[in-house]
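The structure appears below as C-alpha cells.
The values are calculated or read from the model by the stated rules, or taken from the named source; none is laboratory data. Here the structure is a predicted model, which means the values were calculated and not measured. Cβ placement follows ideal geometry from the backbone for every residue including glycine, while neighbour counts extend to all protein chains displayed.
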Amino acid sequence: MSNKYYYCFVCFAAALSLALPGCDSGPVDPNLDPNSIVLPGTYTTCDTAFAMADGQSYTFRLDDVYCLSYTDFAGQTVRLKFDFLSGLTCTIQINDEPEQPLSPGQIIQHELGFSGKCCVTLSLASEPAGDMNVTVNPTDTSGNPLGVGSITALAQTGLPADDSEPSANPGQTITISGSGFESTSKVTFPKIDDAGQPAQVQVALASVAEDGGSGTVVVPTTAVTGYVTLPNQASVYLQIVPKITGIAGGTPGMVATISGLGFVEGATTVRFGADDVTVADGGTAADDGIDVQGGNSKVLVTVPSSGALPYEVITAGGRTGRSGDLTGTSATAQFGEPTDPNTASANAKQVITLTGTGFDVNTKVNFHIINDAGAESVATVAPASVAEDGLSLTVMVPANAKTGKLGLLSGRDGATLQVVPTVTAIAGGTPGQQVTISGSGFVEGGTAVRFGSDSVMIQDGGKQADDGIDVQTTNTKVIVNVPANGTLPYEVITAGGRSSKSGQSIGLTAACIHGTPTDPNQASANTKQVITVTGVDFNDETRVTFPCIDIEGYPLVRTVIPASVADSGQSLTVIVPGDAYTGQVSLLYARTGCLLQIVPNVTGISGGTPGQQVTISGGGFIEGATSVRFGSDATKIVDGGVETDDGIDVQTSNAKLVVSVPQGGTLPYEVVTSGGRSTRTGRFTSVSAVATKGSPTDPNEASANPDQVITLYGSGFNDDARILFPSIDQYGQHWLEVIVPSSVAADGKSLTVRVPKEADTGQFSLLDSQEKYLLQVVPRITGVNYGVSDNVLVAGEGIHVKMTGLGFIEGQTAVYFGEQACSTTDTGLATGDEIEVQGDNTTLYVREPLDGTVPYWVVTPGGSTAGPARMTGITAVAIEGTPTDAAYPSANAGQTITVVGEHLSVLDRLVIMVVNDEGAWMPLVVEPVAYAADETALTIKLPFNIGTGYVGLLGGADRFYLQIVPHITAFAAPSDSLPYGRYSGTGFIQGGMTAHVGGTVFPAGLIDVTGGNKAFSILDTYETNQATYVETAGGTSETFTP
C-alpha cells in the first residue's frame, strides 16, 4: 500500500437551518475514495448538507478502520490538529476514552495501529467564523515529523486532471522536497506496462540539495498517474499528463498511430476534434479499441468516421490538449476562391497565422494531407515563426494538405482550413487531347476540372489512375482529357474551393499590326505581338494562358508570364506566343476568357513562282487549318490535314509554311486561317516609277531599272513594311525577293524602295497587301567589251561581246547590233546558247554577228535599253584633212564633237569603235565632257584610237557614221633606233591605210602603226624629204613635207 492514511468524515446528525460558509471546497463525501487523501494534508470537514440550528450539535467520526490503519507507520503516532470556527464548541472522544474538550489549534497525539473510532462533536455557540479543518501528520515517538514530503511540478504540455495537484509529463524534470535525501537516493514511480499490468520503476535523483531537503528527478517515460514514494518514504500524488509528439497515418476510417508519452494501456481515451467523438480503451486487450505500445509511447486507434483534428489523448493524469490553446486562424487564400468565404482558407505552401495561447518553439501544427493515390494521413509541421508573447504563430500549409480541420499537435481546439487549389501552368492538350495541369491543392478522388463553362466538366471518378482525373507529383499535377467542346480557362475545383475567382473577368486590348482579322469587332493580334489584358488584382504571379498548336497540328496550351503589370493591378501586357492560334485567352485563375483572333502575317517569301515550291515565312500558320491564296480564289491551295504531303506543310514553330505555287498563281501570296488573313485592303494604292534609262514595253505602266529607287503610296506604312518583287536568277529560275524600304514617310502614306538587281518584270506587292501592281523592269547597259574568252557561248563565227549593266534576263533577252535586222535572241535557259546571263543579271555574254555594229541595245519583256534618250545627229567637221564623204560628219582623233538629240542627260554615254596598234577593233564607252542644259546635246572628246565607223548612245538604237580623218604633224628621220624613220599625227589605222610619198604609194602591208594610232613607219626605202599624205576609210590627210 502507499504511504497514506485512509480516513473519512461521517455526518451523524444535521438540522438543516443554517449553512456554514466555505463548505464547497473540501473532501466531504462519506464514501470518498481513500486514495484521494494523502499525508500530510489538511481537510475541511464540511458538507453542502452540513448545517445546524442554535443549540444543536453535529458529530463526525474519524473511522480508524478505514482511516487510521496504515501498516507502514504501525507503532508510530498520529497527530491530529484541529482548527475550527471560533463560534463552535468542540469535544473529542477516542474509542471508549472519556470525552474531552478541544481548543482551536489543539493537537491530539495517538499511537497508530489501534482500532475503534474517533468522534468529534461540534456545538453551535454563536455564528461560525470559518471552516472546520483537521491536519493529520505522522510523527515518531519523539514527536518529530515522519514521511513528510512534497512535489513541485507542473506539466509542460497538456492539461492535468486536477490543477491543485502536482503534474508532469514523462521525461520532465521535477523538484521533490522532504528530508534525508542523498545522492544515491531513489524515487519510486508507479507504472503500467503495454499489457496493462501495474508495476514500479525506480529512478535515481538527478540532483540533491546540500541540506538533503530537496532534489530533482526525471519522470520516467513509463510512469503513470499515482503515488510516488520519495526517499524518506513520503507518499505524494503525481499526475502524469500525456503528450503527443507525432501522428502517423489515419484519417476517418483508418488506423492512426499517435506517438508520444504517458499513454496507459486499458486507461486511455482519444478525442477526435469534439467531446462526442471519442474512442475509449476497453481494457488491456490489444483489440479493445486502443492498443498502447512501445513502452507507453504509441497509441494505435481507428479514427471514427466523424473524427477530425486535433487528436487528443486523455488519461487519469490529464489530457494532451488545453482548452483555448487554438482560438483562431487568420488565413485567406492568395489565389482562387474558397467554397465558404467566411471560413479560413489558404493555398498549399501558403504561410498562415494561428492565434491562441502558450505557443512556443516546440509547438507543432497538424494538417490533414492526402497523397497522389488518395490515401489520407496527418502531417505535423513546425511553425515558421512564433510571437514572443506566445499568442500567435505562423506556419506553412503542407504541399499535400487537403481541406479539413487543423489543430495543434498537443491541442484541444481545432479550426477548419479550406485548401484552395491553384493552377500555375497548363501543358499539352486542347479538345480531345490529354492535358497536364500544374498547381497545388489537387485531391485524388475529389477533384473536378471545368473547361470554360459549367456544362463542360470532368469529375474525378475515384482514386484509380484511369477514372477521369489522375493526380500526381505530390498533388501538384492533374492529368485529364479535355472534352471536345472544352475551351480556356481550365479551372480546378475541390472541396476547398476553385482555382478561379468569381468576377475575375478579363478584357483584351489588341488589334493585329499586320493582316486582317476575320471579325473586326473582336480582339486580334499577330504572334509575338504585345497585347494588353485588363482586369483586377493582377500581380507578378499572374499568368496568361493561350491556346497553341505545334507544327504537327497538335493543340496545346501555353502559360505565359506577363511582360509588365500595372501598379494599379488593373492591366498587364503579354507577348502572344509564336505558336498561338485563334481561341479563348484567359488567366490561370480566371473563370472566363476572351476570344483572341490570331491573324497570320507574312514576313518573307523564298523560292517559288508558278509550278515551283515556295517557302513563306511569318507567323500564325496552322498545320491542317491554313490556305494560301495566290492572287485570286481561283488559285488557292487548302491544307488537306496535318500530314506533311497534303498541300501545305507548316514548319519551324508555325513560322514557316511550304507550298507549291499553282499555275496561274500571281502575287500577292495571301495566308488565310480562322483568325484572319495576312493581307489588308487599301494598304497599297499606287506606285510612282519611271525607268531612269531605257524604254518600258508599255509606257502607261510603272517601270524602273534594277537598283532604281521607286515610290509606293498607301496607308499604314512603317519600318516593318516589306515589298515583294518577282525575281529571276542568272539560270532563269524564278523566285520572290523581299525588300526592306529605303525610307518611310512619317505619316505612313508613302515609302521608297530600291528595286532589286534580279527583279523581273511582273506583278509586285507588299507582303501584307491585297493590291498588286505591274512593274516593268527595264534593262540598262553600263559597259561593253570585246574579245572576252568566257567559254560559255555556243561555238560559231563572230566576236564575243561582254555587256555589263542591269536587268538582263536569262532566256528572255534579245540583243541588237546597230540595226533592227541584226540581232541575237536568247534561245532558252541552257548554257552554251547564243546569249548567257551571269552575275545577278548584271553581265551578258553574246556573239556579235559578222555584220553587227555599234550601238548595241538589249530588249527584255520589261522594255528596251534604247530610249527615251535619242541621238539625232553629230555636229562635226575634221579640222585637218579631207573626209571621204563630205556628206557625213568627220573629225580628227582627239577632236571635240557635239552629239545632238533629245532627253540627253548625265547618264548617257557614247559608244564608239576603237582600234589598237595591232589593228584589233573593239567598242569603247566614252563619257561626255559637257551636257546641254536642255538635254539636246552632249560634248564628246574623241579618243586618239578611234576609227571610222558608226557611233551611238550606249544602249541606244540610233547610230551615225563618223569619219575619222588622218592628220600628219611631224617626221623623225631614220636613225639607229628608227631605221625607217617615223611620222607622227592622229587617225592612223593599222592595216587600214595607205601612204603616198612623192610619187610612190605604200600599201597597208608596208605600214607599221604605233603609239596608240599616233605614229607610223614605212617599212621600205623611200625619199624622206618628199611630200607625204595618207588615206584611210575616213579620209585623206593634208600633205606633209619633212
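Quick rundown of the values:
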item	result
Condition check for Ile531: farther than 30 Å from Ala333 by Cα, buried (at least 21 other Cβ atoms within 10 Å of the Cβ) and either of a type outside the set (D, E, K, R) or at pLDDT 90 or above (or both)	no
Count of the range 515-567 residues which are farther than 15 Å from Thr582 by Cβ and of a type in the set (S, T, N, Q)	6
Sole exception among (1) closer than 25 Å to Asn342 by Cα; (2) surrounded by fewer than 23 Cβ atoms within 10 Å (Cβ to Cβ); (3) in contact with a Lys or Arg (Cβ under 7 Å, 6 or more places away or on another chain); (4) not basic (Lys, Arg) for Thr380, by number	(1)
The range 258-276, subset touching a strand residue (DSSP E or B) at 6+ places or on another chain (Cβ under 7 Å) and over 17 Å from Pro190 (Cα atoms), residue surrounded by the most Cβ atoms within 10 Å (Cβ to Cβ)	Ile258
Leading residue by the ranking (modelled with the highest pLDDT) among those in the range 175-216 that are within 23 Å of Ile290 (Cβ to Cβ) and outside any strand (DSSP E or B)	Gln197
Only one of Thr831, Thr842 that is modelled with pLDDT under 90 and touching a Phe, Trp or Tyr at 6+ places or on another chain (Cβ under 9 Å)	Thr831
Whichever residue in the range 757-771 is of a type in the set (S, T, N, Q) and part of a strand (DSSP E or B) and, among such residues, is nearest to Arg677 (Cα to Cα)	Ser769
Residue in the range 455-470 that is part of a loop (DSSP other than H, G, I, E, B), within 28 Å of Gly620 (Cβ to Cβ) and not assigned by TED's automatic domain parsing to the domain that holds Phe621 present	yes
Qualifying residue in the range 313-321 (condition: out of contact with any helix residue (DSSP H, G or I) (no Cβ under 9 Å at 6 or more places or on another chain) and over 27 Å from Gly390 (Cα atoms))	yes
Within the range 595-627, considering residues that are farther than 22 Å from Tyr554 by Cβ and crowded, with 20+ Cβ neighbours inside 10 Å, the one nearest to the chain's Cα centre (by Cα)	Asn601
Matching residues in the range 473-523 - criterion: being in contact with a strand residue (DSSP E or B) (Cβ under 6 Å, 6 or more places away or on another chain) and on the phi > 0 side of the Ramachandran plot	Gly497, Gly515
Qualifying residue in the range 361-372 (condition: buried (at least 21 other Cβ atoms within 10 Å of the Cβ), of a type outside the set (Val, Ile, Thr), outside the structural domain of Gly411 (by TED's automatic domain parsing) and not in a loop (DSSP other than H, G, I, E, B))	no
Output for the range 565-580, where each listed residue is part of a strand (DSSP E or B) and closer than 19 Å to Gly428 by Cα	Ala580
Hits in the range 756-773 (condition: of a type outside the set (Gly, Ala, Ser) and either under 22 Å from Ile616 (Cβ atoms) or within 41 Å of the chain's Cα centre (by Cα) (or both))	Pro756, Glu758, Asp760, Gln763, Phe764, Leu766, Leu767, Asp768, Gln770, Glu771, Lys772, Tyr773
Test result for Val614, among the aliphatic types (A, V, I, L, M), part of a strand (DSSP E or B) and at pLDDT below 90	no
The lone exception for Ser385 - which of (1) under 23 Å from Thr320 (Cβ atoms); (2) touching a Leu at 6+ places or on another chain (Cβ under 9 Å) it fails	(1)
Of the criteria (1) in contact (Cβ under 8 Å) with a residue 24 or more places away in the chain; (2) under 51 Å from the mean Cα position of the chain (by Cα); (3) assigned to a loop (DSSP other than H, G, I, E, B), which one Asp275 fails	(1)
From Thr487, Thr476, residue being over 15 Å from Tyr589 (Cα atoms), of a type in the set (Ser, Thr, Tyr) and not assigned by TED's automatic domain parsing to the domain that holds Gln570	Thr476
Checking Met254 against (1) modelled with pLDDT under 90; (2) surrounded by fewer than 19 Cβ atoms within 10 Å (Cβ to Cβ); (3) not assigned by TED's automatic domain parsing to the domain that holds Ile314, the condition it does not meet	(3)
Residue match in the range 438-448 (condition: part of a loop (DSSP other than H, G, I, E, B) and either free of Cβ contacts under 8 Å to residues at least 40 places away in the same chain or surrounded by fewer than 16 Cβ atoms within 10 Å (Cβ to Cβ) (or both))	no
Selection within the range 902-926 - among the acidic types (Asp, Glu) and farther than 19 Å from Lys693 by Cα	Asp917, Glu918
Meets criteria (assigned to a loop (DSSP other than H, G, I, E, B) and of a type in the set (Asp, Glu)) for Asp633	yes
Those strands (runs of 3 or more DSSP E) lying entirely in the range 649-756 with at least 1 residues crowded, with 22+ Cβ neighbours inside 10 Å, of a type in the set (A, V, I, L, M) and free of Cβ contacts under 8 Å to residues at least 24 places away in the same chain	none
